[in-house]
Amino acid sequence: MAAMRVLDVAKLPEFVEEDFRVSEWSTVRVKHCAYSVPSRLIGEWVRVRIFEDRIVVRYGGKTELDCDRLRGRNLKRIDYRHMIWSLVRKPGGFARYVYREEMFPSVVFRRAYDAIQTPHHGLKGDLEYLRILHLAAGTIEADVEAGLGLLLAAGKSITADAVKLLASAATAVDVPELVREPVDLGAYDALLAEVGT
């Protein structure tokens with residue numbers, strides 16, 4: 001007993017913290033997997049808390065990403081909303097973008113991209129698609145997808161302006177006009193007279 005140390009009863013750490021530099025593709029590689037972060041963090045150092053089942057990316061004391069941790073090697077979790085802002089500013093890089101396939105949130109977006117590329121092949125088509133994706137990131141993705149679906153079904157030309165018009169029409173809500181009914185205070189007087197008797 002004289003040779004034994006006092007038992008440390010401190011709580012085991014829930015996570016490990018490591019610092020990572022955000023790559024030029026707006027990602028951090030944690031445990032051999034890539035996670036996207038907002039593009040404004042490109043080149044910055046971020047602190048990553050690695051839990052058993054999730055990761056938390058923090059920058060400047062603020063949480064930038066909190067998601068489930070990927071299991072395996074060379075997997076990726078890419079959110080187009082993190083990258084679209086930088087891609088719109090530099091659309092020429094979209095054709096060779098490392099995570100290009102993740103820039104299609106659904107099959108409808110992929111079909112729309114193919115339809116845009118038919119009349120506007122190359123950079124012009126890429127820019128038009130990126131403008132649509134930018135609209136989806138800044139508004140409601142489902143409304144943009146519905147607008148793309150309508151344009152594809154009708155066989156019409158797909159442009160960011162046409163999609164924006166359809167998406168804004170989908171989000172417009174008719175607010176009913178309420179009619180103010182006059183209040184009859186005599187009913188309260190009658191109620192009080194009943195209670196008083």
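The values are calculated or read from the model by the stated rules, or taken from the named source; none is laboratory data. Because the structure is predicted, anything quoted here is derived from the model rather than measured. We place every Cβ from the backbone using ideal geometry, glycine too, and count neighbours over all the protein chains shown.
See the values below:
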read-out	value
Selection within the stretch 1-20 - farther than 14 Å from ILE55 by Cα and among the acidic types (Asp, Glu)	ASP8
Candidates VAL56, VAL30 - the one that is hydrophobic (A, V, I, L, M, F, W, C), more than 28 Å from THR139 (Cβ to Cβ) and in contact with a Lys or Arg (Cβ under 9 Å, 6 or more places away or on another chain)	VAL30
Qualifying position, being surrounded by 17 or more Cβ atoms within 10 Å (Cβ to Cβ) and either more than 19 Å from the chain's Cα centre (by Cα) or at pLDDT 90 or above (or both), among MET4, MET103, MET83	MET103
All strands (runs of 3 or more DSSP E) inside the stretch 1-100 with 1 or more residues being touching a Ser or Thr at 6+ places or on another chain (Cβ under 7 Å)	27-30, 33-36, 54-59
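Here is a yes/no grid of residues against (1) surrounded by 10 or more Cβ atoms within 10 Å (Cβ to Cβ); (2) in the same structural domain as HIS120 (by TED's automatic domain parsing); (3) modelled with pLDDT under 85; (4) in a loop (DSSP other than H, G, I, E, B):
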position: GLY149; (1), (2), (3), (4): yes, yes, no, no
position: ALA153; (1), (2), (3), (4): no, yes, no, no
position: ALA162; (1), (2), (3), (4): yes, yes, no, no
position: LEU166; (1), (2), (3), (4): yes, yes, no, no
position: VAL183; (1), (2), (3), (4): no, no, yes, yes
